[in-house]
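Take a look at the structure below.
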C-alpha cells in the first residue's frame, strides 16, 4: 500500500500538470472559434445531462488541423523551426564541446569553479539576459560601437532583428545544456586510455577521434537533444532578437493565441508541435536507456 | 651443466637492449629517479621492485615515452629515445588499470594497434586470432570489456600490448587486480608467453613474490635508485644491504660489532651472549658496525640443546604463526631480541612438540646468514 502511494505521487503530478492540460488543449484544438469568453465553443454543459454531452462531442471536429494544411505559413514555420533548431544545435555543439573538453582537462581543483561559471548565468532571469543581448547587438549597441572604435567596420552592422541574432541568442542561452552532459562524459574518462592509444601508435589527434569522441558520444547525443527539443518551440528569443523574417512555430503560436485570439488554431499548432517533438524525445530516452545498460 | 643458463648480463660481448645512462627525473622539487644507470638485455624478464614512490613506475613511463628524463639518456637498441614520441616506439605497455577501450569489443581492442600500422585486413585478422589463441580468449572476441571477468580483461590487455610484436613490453603492476590464486596461475602464463614470443619484458611490481617468480633479474629500488640488481636467488640469498634483505621475504636482523677471524667473522651483539659466527667474502674491520641477517627458515628450533651447531641461543616461544605447510615461531631471547624460526610442518599439528612459553634452543650454521655493512 505504501509503495502504491509512493508511486502515485509522480503519477498524480503528471496527470494534474501534463495530462489534464493536454486534454484541455486537445479539446480546444477540436473546437470552433467564437466571439465569447472563453473564445471557443462548444462548452460542456453539465446541466443538460446526457444530451448536452452528445451535442458537445458532435460539435468537435478536425477542422483546425485541416486549416493548418491549407495555409503554407504553418508548415513553413514548422520546417523553419526545425532548421533553425538543427543549425543552432550544431553550432552549440561546436562551441560547447571545446569548452567541456577544456573543463574536463583542467586541473581538478579548478573544475568546480569552471562548472560554477557555466551554471552562473542561470542565476539571472533568462528574459533579462535576452534583453541584454538586444543592447549588445543593436545598431548603436556595444558590439557595433566596439567594432567602429576598432576601425574594423565603417558603418554599424545590422545584427539585431535578423536570424544571426537568433542564433547568437540560442547558442548563448542553451550552451550549458550542451556543455554539462559532455563534460560529465569526458570527466569520467580514464586518462590512461589516451596513453594506451598513443602507446599503440595513435597520434594525439587520432587518439582524440578514436577514443575521446566515441567515449563522449553519449554526452554529445544527450546535449544535442537537450538543445534541439526546447529550441523547436522557442518563442522568447526569436520574438525579441529575430526580425519579421524569422519564422518560428513558437512565434506563430503566440500570434494566433494573443493577436488573433484564435485559441482553437493555436491549440492545433501546439498539438502538432507536441507530436513532432515526441520523436526526438523517444530517441533521447532510448539513448539514455542504452547508456544505462552499457554501464550496468 | 647440460643446459646453458640464460645470463646475458654476465657476457661482456652482449649488447644491452635498454640502457639508462645517468638518468635523473625531477617533478618540481621531487627527485623521482636519481642519476640511474642500468642495462637491460634482450629477452630478459626484468622486474622493478620497490615500495610505492620509489620511482619504478617513472622508469617504466620513461621507457614508454610518457615522461622525458630531466637529465641523462635512455637508449633502446642503441637509439637515443629522447626525441621519439610514444607512438613511434617499438615499445608497448600493459597498463595497471588495463586501459581497455570500453567502446570496442575484445577483438577490436586487440586489433587497435595493428590497424594504426595500416596493415591490410587479412594480416590484422590473422594476428588478432593468433593473439586470441595465445591468451585463450577466442570465445570472448565479440564481448565488450565490461562483459568479461577481471582475469579475462587482464589477458585482453596483455594480448593487445603483444599484438604489435614489440621489442619491449612494459607491464605496470599487471596482476595487481587479480586474486591470489589467479595471480599465481597468470604469473606462469606470463612466463610461458614471454618464452614463446621471445619479447623482452620489464615488469613493475611491489609484490616481491611476483618479482621472484617471473623475473630473470630483479632490481630492488628505493628513493629513485636501484639498490641491487641480481637474479631472484642471489637477491634472496645474498642481499647487499639490510634494505634489500628486509624488503625481500622475511628476515632476522641482529646488529653488532665485527670481529674478523680469517674468513670467519664473529659478531658481538649482546653482553654475555656468545658471538654469532658467520662467513663472508667481504673484509670487515674490527669493531665496525655490522648487521647479521638470517632467514627464518635457516634457523632451527629444538627443545634439546643442539650438539654441533656453530651458533645456538636459548629463548622462550613468544608466538606461533601457523600457516598450514609451515609454522613460524617467534622466539624471545633473554636480551629482548625476537628471532623468527621457521619449520616445515611434516607432522600433524596434534603431535607438535613445541608450544607457547616453552623454553627452546635456536641454532644455525656458520654459513646460514649474511653479514651486511649497511
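The values are calculated or read from the model by the stated rules, or taken from the named source; none is laboratory data. If you're wondering where the values come from, they're calculated on a predicted model, not measured in any experiment. Neighbour counts run over all protein chains shown; Cβ positions are idealised from the backbone, glycine included.
Does residue A:80 fit the bill of being surrounded by 10 or more Cβ atoms within 10 Å (Cβ to Cβ), modelled with pLDDT of 90 or more and assigned to a helix (DSSP H, G or I)? Before you say what the answer is, go through the steps one by one.
On the way: surrounded by 10 or more Cβ atoms within 10 Å (Cβ to Cβ): yes; modelled with pLDDT of 90 or more: yes; assigned to a helix (DSSP H, G or I): yes.
Yes.
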Item to check | Residue identified as over 22 Å from residue B:206 (Cα atoms) and either at pLDDT 90 or above or within 14 Å of chain A (Cβ to nearest Cβ) (or both) among B:30, B:20, B:75 | outcome: B:75
Checklist entry - Here are some conditions: (1) modelled with pLDDT under 90; (2) within 28 Å of residue A:197 (Cβ to Cβ); (3) under 25 Å from the mean Cα position of the chain (by Cα). Residue B:9 meets all but one. Which one does it not meet? => result (2)
Checklist entry - Are any of the residues in the stretch A:38-55 at pLDDT 90 or above and not in a helix (DSSP H, G or I)? => result no
Item to check | Selection count, the stretch B:91-103, where residues are more than 7 Å from chain A (Cβ to nearest Cβ) and closer than 11 Å to residue A:199 by Cβ | outcome: 2
Item to check | Count of residues meeting criterion [in contact (Cβ under 8 Å) with a residue 12 or more places away in the chain and surrounded by 15 or more Cβ atoms within 10 Å (Cβ to Cβ)] in the stretch A:251-275 | outcome: 17
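Just checking: which of the strands (runs of 3 or more DSSP E) contained wholly in the stretch B:232-323 hold 3 or more residues that are more than 32 Å from the chain's Cα centre (by Cα) and under 18 Å from residue B:362 (Cβ atoms)?
Details: elements: B:252-261, B:264-268, B:276-279, B:289-294, B:300-302, B:311-322.
Filter on the stretch B:232-323 gives B:311-322.
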Item to check | Matching residues in the stretch B:172-227 - criterion: being within 15 Å of the chain's Cα centre (by Cα) and in a loop (DSSP other than H, G, I, E, B) | outcome: B:173, B:174, B:175, B:176, B:206, B:207, B:215, B:216
Checklist entry - In the stretch A:176-204, how many are part of a helix (DSSP H, G or I) and within 11 Å of chain B (Cβ to nearest Cβ)? => result 10
Item to check | Residue that is farthest from the other protein chains (Cβ to nearest Cβ), among those in the stretch A:208-221 that are in a helix (DSSP H, G or I) and surrounded by 22 or more Cβ atoms within 10 Å (Cβ to Cβ) | outcome: A:219
Item to check | Conditions (1) away from chain A (no Cβ under 14 Å); (2) in contact (Cβ under 8 Å) with a residue 12 or more places away in the chain; (3) over 24 Å from residue B:38 (Cα atoms); number of the one not met by residue B:180 | outcome: (2)
Next on the checklist: Show me the strands (runs of 3 or more DSSP E) entirely contained within the stretch B:1-66 in which 3 or more residues are surrounded by 22 or more Cβ atoms within 10 Å (Cβ to Cβ) and not assigned by TED's automatic domain parsing to the domain that holds residue B:195.
Outcome noted: none
Checklist entry - Is it true that residue B:112 is in a loop (DSSP other than H, G, I, E, B), buried (at least 18 other Cβ atoms within 10 Å of the Cβ) and within 9 Å of chain A (Cβ to nearest Cβ)? => result no
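For the stretch B:117-136, which positions are within 14 Å of chain A (Cβ to nearest Cβ) and without any contact (Cβ under 8 Å) to a residue 24 or more places away in the chain? First the steps, then the outcome.
So in the stretch B:117-136, the residues within 14 Å of chain A (Cβ to nearest Cβ) come out as B:117-119, B:124, B:127-128, B:131.
Those that are within 14 Å of chain A (Cβ to nearest Cβ) and without any contact (Cβ under 8 Å) to a residue 24 or more places away in the chain: B:118, B:119, B:124.
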